[in-house]
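Chemist: Once you've had a glance at the structure underneath, I'll fire off some questions.
The values are calculated or read from the model by the stated rules, or taken from the named source; none is laboratory data. Quantities reported herein were computed from a predicted structural model and do not represent experimental measurements. A quick note on method: Cβ atoms are made from the backbone with ideal geometry, for glycine too, and the neighbour counts reach across all protein chains shown. Side chains are part of the model used for accessible areas, which takes the heavy atoms of the whole protein and leaves out ligands, DNA and RNA. Shrake-Rupley method; radii C 1.70, N 1.55, O 1.52, S 1.80 Å.
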Amino acid sequence: EEGRREITGEIVSAKFVDSDFGSTPKMLVREDSGNKVWGTIPDALFGWGNETRHIDTFKGCLIALTATVTRSEKDEHFGIYKRPSGAKIL
């Protein structure tokens, strides 16, 4: 489903992606519906709770966040999200 919505699911992978603007933390999330979305890891997740998280600790975590999703033209079960907010580890 496209548009601004809540994303809930398991983090399948998390890594830093380099670009001309620097390195950005990204994650792939498998939603409860089986669809997958890719986007930036919000800063709030790195300092969730009383601990500072390392990117290697995200895989397997259940999360919820609100973001704007755009469906891929090549795969109807894959999307890119942007402008994440309200992120939390469940």
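Chemist: Which order do 8, 52 take by accessible area at a 1.4 Å probe, largest first?
Modeler: The ranking, largest first, comes out as 52, 8.
Chemist: Also, I was wondering about something else. Going from most exposed to least, what order do 2, 31 have by accessible area with a 1.4 Å probe?
Modeler: If we order 2, 31 from most to least accessible, we get 2, 31.
Chemist: Put 16, 46 in order of accessible area, largest first, 1.4 Å probe: what do you get?
Modeler: Solvent-accessible surface, decreasing: 16, 46.
Chemist: Would you mind telling me which residue in 39, 22, 47 has the biggest mean-square fluctuation in a Gaussian network model of the chain, where springs connect alpha carbons within a distance under 10 angstrom?
Modeler: 22
Chemist: Using Cα springs under 10 Å in a Gaussian network model of the chain, which residue among 68, 40, 57 shows the largest mean-square fluctuation?
Modeler: 57
Chemist: How many lysine pairs does the chain hold where the Cα atoms are under 12 Å apart and the two sit 8 or more places apart or on different chains?
Modeler: 4
Chemist: Looking at 54, 28, 17, which one has the Cα that reaches farthest to the positive end of the dipole of the chain (charges on Cβ: Lys, Arg +1; Asp, Glu -1)?
Modeler: The Cα lying farthest towards the positive end belongs to 54.
Chemist: Another question, if that's okay. Compute the signed sum of charges (Lys and Arg +1, Asp and Glu -1) over the other residues within less than 14 Å, Cβ to Cβ, of residue 85.
Modeler: So the environment of residue 85 carries a net charge of +3.
Chemist: Under a Cβ-only charge scheme (Lys and Arg +1, Asp and Glu -1), can you give me the dipole magnitude of the chain about the Cα centre, in debye to the nearest 20?
Modeler: 100
Chemist: Count charges around residue 61 for me, please; just the other residues with Cβ under 12 Å from its Cβ, Lys/Arg as +1, Asp/Glu as -1. Could you put the intermediate results ahead of the total?
Modeler: Details: positive: 30, 53, 59, 88; negative: 10, 56.
With Lys, Arg at +1 and Asp, Glu at -1, the net is +2.
Chemist: For labels at residue 83 and residue 57 in the simple 7 Å Cα→Cβ model, what's the distance in nm?
Modeler: With each label placed 7 Å out from Cα toward Cβ, I get 3.1 nm.
Chemist: Report, in deg cm²/dmol and to the nearest 500, the calculated mean residue ellipticity at 222 nm for the chain, where each DSSP H run with n ≥ 4 adds -39500 (n - 2.57) and the sum is divided by the residue count.
Modeler: -500 deg cm²/dmol
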